[in-house]
Structures are given as C-alpha cells and as structure tokens.
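Q: Could you have a look at this structure, given as structure tokens, before my questions?
The values are calculated or read from the model by the stated rules, or taken from the named source; none is laboratory data. Since the structure is predicted, the reported quantities are computational estimates derived from the model, not experimental observations. Methodologically, a virtual Cβ is constructed for each residue, glycine included, from the backbone with ideal geometry; neighbour enumeration extends over all protein chains shown. These accessible areas exclude ligands, DNA and RNA; they are computed on the full protein's heavy atoms, side chains included. Shrake-Rupley method; radii C 1.70, N 1.55, O 1.52, S 1.80 Å.
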Amino acid sequence: MPHELRKQGVLRGTALAVFLALVHTVNDAITAILGALLPTLQERFDTGPTVLALIVAVYWVSSSVTQPLFGSLAEDVGLRLIGALGVVFAAIFLSLLGVAPALWVVFVLLVIGGMGSAALHPVGTTIAGKSGGRNRTLGVGFFTAGGMLGFALGPLLILYIVGRHGTDATAWLMLPGLALGAAVFFLLPQWEPHGRRPLRELFDWRLVRGPVGLLALAGSFASVAFVTFTSSVPLWLVRDHGYDATASTIGWTLAAFSLAAGGGSLLGGLLAPRLGRRTTIVGSLLAAAIPLVGVVAAEPGSPVFFLAIVAAGTLIYTSSPVKVIVAQDLAPHAPAAASGMILGVTAGVAGALYIALGRFQETVGLEAGVVLGFLMVIPAALIALSVFARHPEVAR
C-alpha cells in the first residue's frame, strides 16, 4: 500500500518544495568538494592516477548504488529521519576531507559521507513529489534543479574558501549542513512507515526485474551522455583544441551545462502535465542528441557552442524528474526505493559503462568517443518507450 501522510509538518506546498531544493543545493555543493580537492589530495599524499581513480570510484559507488537501500530503510523507519541523518553525515564527513591526515582516512570519509548523500536523494524526491500537489513532477523538478545548482556552484565556492583560508577551512563547511539537517527533521512532514522488515526483505528485488529496473536502464544510458559531457568534454577541449587545463572556457562550459540541466528539470515538471510523461521523456531524450552533437561540431567558445551546451543540458535533464515520478507510480508500495533506483543505480551503471567508453576513446579517438557517448540518449529513449508500451497507465 502507498504511504499515508501521518503528520503535515511546518512546511507545505511551494514552501516545502523550495526548502527541499535549498537542502539539495547545499548538500550537492558540499559533495562537490572531492572534485575541487583532488589536485590537493594528489599532492598531499603523492598519489598516482590509479589511486585517484580509486578515490573517485569509491565515492561514486557509496553515493549512488546505495540509494535504493536507503530508500527502503527510510520506508521502514521514517523518511525525514533518514533524510536528516543523510544531510548531517554528508556535511560532517565530506567537509573533513581538507584536514584528512592520511589516505585511509580519506577513503573512510568518502564512504560515510557518500552514503549520507545517498540517503538524502530518494527521501528528498519522495517528499518533493508529495509537495507538488497535482503536479508531482514539478516538485521533483525543483528538488533536482537545486542539486544541479549546488553541483555547478560548489567547486567555485570551495576553491574560493581554500584559496583564501587554506584546506583547514573546509571543516567549517559542515555548519550549514548541520543546520539544514536539523531543519529537515523538524520541519518536514512524515509519511507513515510500513513497519520494520527483516534485513533480507529490506529491498524488493522485483524492482530490478520489473519496469522500474528497465526505466533505470534507460536512465543509465542517458547518464552516460551526461558523464561524457562532464568528464570527456574538458579533455576534448584540451587535447583536440589546445586549451590550457585551467582555461576559463572549460569552467564556463561545465557551469553552463550544469545550470541548464537544472533548468531542464524544471521544464520537465512543466511539460509533463501538458504533453504527457511519455512524450516528455522520449521526446526530450531524442531531441537532446541534436545539440549534443552540435557541441562537438561548433567552434569551442563561440556563441553557437554555448547555445548548443545550454540546449543539450536542458534537454538531457528534462526527463529526470519525470522518470522519478513514473517509477514511484510503478512501485507505489516502495516509492523511495524506486526513486533510489532511478537516481542512484543509474549513476552506478553509467559509471561502469563509461569505463568501456573510455576504452573506445583510447582506441578509436577521443572525439569519436564523445559523440558515441552523447548518442546514448537514443537507446535511452527507446528503452523508456518500451516501458510505456507495456505500462500505458503511467504514460500520462
């Protein structure tokens, strides 16, 4: 049975959606600390590329593939409790990366902090969907947009603080997270948990085998295109177009894409009730292929280049909140776990697929690999279309 509202909480409607977006912004800004501090960690611990890759992979796994498990746990013990603990744990442990005295401490901080971030996302999307009233997708869209804003601005803020006050100052970044974690617990509404389950029954594996799993696979292919942009395009600008590794064009390229993606999540919330979920998801993914390829075809740094970036970021993320709502409707008995499948498992699978894409880039060429990664939005659209063909009841 779907969860029933047990306590309204202090915040409702638009105020609740805006608050959740703020929490997501702060959370994802703090999680951006790893990317910002990677060069510092490399110098401090004298690590090579393999160890750096392992550091990134550990955080990727802990913050993504664990999301369905935390969603299931939240359904047992209460959404806001797990959400609040997630915000607090992410803030404390990730903010301490700047003062980590040893490499093994870095790994511990990333595992625990990553799981904290993982706990927030399925809880946040579940409550955000409830906050949207008749337009549940828009509530999730606000939440998603907040995360993309934090993802875009976090590295700039962290590098500014470190540049002025040193890496020890990162510990102060936990303060806004602690405050918001407490606010999550006391201000958010609560949905009736469905009771404790044995550990072996905590996660419903039918989600993987059913339409939610297939929708997550579609999201994984779309995420490959997203990861290709954020990871390969900077390399493409440096290797194929001669940009310096610290060139401002690279920073603006990534910031424009991330901010446009946040706008795309809001656009999805507005379009889905009008065009239908099937048209919004499938149409936006297919349309995204055009500006994505246009990014490669345009002259880097030109107005056309940035227009293509904005269009690509917008379209590739238009489907994101809609997929979450569809998954929740396909699994009304486990909405938080279904959200974790769409948000977390997709990121983990995309990371694994990107390893194969990296091998393709190394063998065939970087630009060809970038184009191939971008075109993964096409199989993503086709898989999503097959889900709607089998379950037309969630197509609108």
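For (1) among the acidic types (Asp, Glu); (2) modelled with pLDDT of 75 or more; (3) open to solvent by less than 40 Å² (accessible area, probe 1.4 Å); (4) in contact with a Gly (Cβ under 7 Å, 6 or more places away or on another chain), each residue gets a yes or a no:
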| position | (1), (2), (3), (4) |
| --- | --- |
| Glu4 | yes, no, no, no |
| Val10 | no, no, no, no |
| Val26 | no, yes, yes, yes |
| Leu54 | no, yes, no, no |
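Q: Next question, about the same structure. Specify the residue that is farthest from the chain's Cα centre (by Cα); the eligible residues are those in segment 220-249 that are without any contact (Cβ under 8 Å) to a residue 12 or more places away in the chain and outside any helix (DSSP H, G or I).
A: Gly242
Q: Out of everything in segment 377-390 that is among the hydrophobic types (A, V, I, L, M, F, W, C) and open to solvent by 40 Å² or more (accessible area, probe 1.4 Å), what residue ends up being nearest to Gly351 (Cα to Cα)?
A: Only one residue tops the list, namely Ile378.
Q: Is it fair to say Ala182 is assigned to a helix (DSSP H, G or I) and more than 23 Å from Lys323 (Cβ to Cβ)? Reasoning before the result, please.
A: Working: assigned to a helix (DSSP H, G or I): yes; more than 23 Å from Lys323 (Cβ to Cβ): yes.
Yes, satisfied.
Q: Could I ask something else about it? Considering only segment 314-347, state which residues are open to solvent by 20 Å² or more (accessible area, probe 1.4 Å) and either part of a loop (DSSP other than H, G, I, E, B) or more than 21 Å from Leu292 (Cα to Cα) (or both).
A: Within segment 314-347, Asp329, Leu330, Pro332, His333, Leu343, Val345 qualify.
Q: Any chance segment 289-312 includes a residue that's farther than 16 Å from Leu217 by Cα, buried (at least 20 other Cβ atoms within 10 Å of the Cβ) and under 17 Å from the mean Cα position of the chain (by Cα)?
A: Yes, segment 289-312 has at least one match.
Q: Quickly run through segment 150-169 and pick out the residues that are open to solvent by less than 70 Å² (accessible area, probe 1.4 Å) and among the aliphatic types (A, V, I, L, M).
A: Ala152, Ile158, Ile161, Val162, Ala169, listed by residue number.
Q: Okay, moving on. Conditions first: (1) part of a loop (DSSP other than H, G, I, E, B); (2) of a type in the set (D, E, K, R); (3) without any contact (Cβ under 8 Å) to a residue 12 or more places away in the chain. Glu362 passes all but one, so which condition is the exception?
A: Going through the list (1) part of a loop (DSSP other than H, G, I, E, B); (2) of a type in the set (D, E, K, R); (3) without any contact (Cβ under 8 Å) to a residue 12 or more places away in the chain, Glu362 breaks only (1).
Q: Is there a residue being of a type in the set (Gly, Ala, Ser), modelled with pLDDT under 90 and surrounded by 23 or more Cβ atoms within 10 Å (Cβ to Cβ) anywhere in segment 91-100?
A: So far as segment 91-100 goes, yes, one or more of its residues are of a type in the set (Gly, Ala, Ser), modelled with pLDDT under 90 and surrounded by 23 or more Cβ atoms within 10 Å (Cβ to Cβ).
Q: I'd like the full set of residues that are surrounded by fewer than 21 Cβ atoms within 10 Å (Cβ to Cβ) and outside any helix (DSSP H, G or I), limited to segment 103-146.
A: Once the filter is applied, which keeps residues that are surrounded by fewer than 21 Cβ atoms within 10 Å (Cβ to Cβ) and outside any helix (DSSP H, G or I), segment 103-146 yields Gly133, Arg134, Asn135.
Q: Same structure, new question: Criterion first (open to solvent by 20 Å² or more (accessible area, probe 1.4 Å), within 21 Å of Thr126 (Cα to Cα) and in a helix (DSSP H, G or I)) does Glu393 satisfy it?
A: Details: open to solvent by 20 Å² or more (accessible area, probe 1.4 Å): yes; within 21 Å of Thr126 (Cα to Cα): yes; in a helix (DSSP H, G or I): yes.
Yes.
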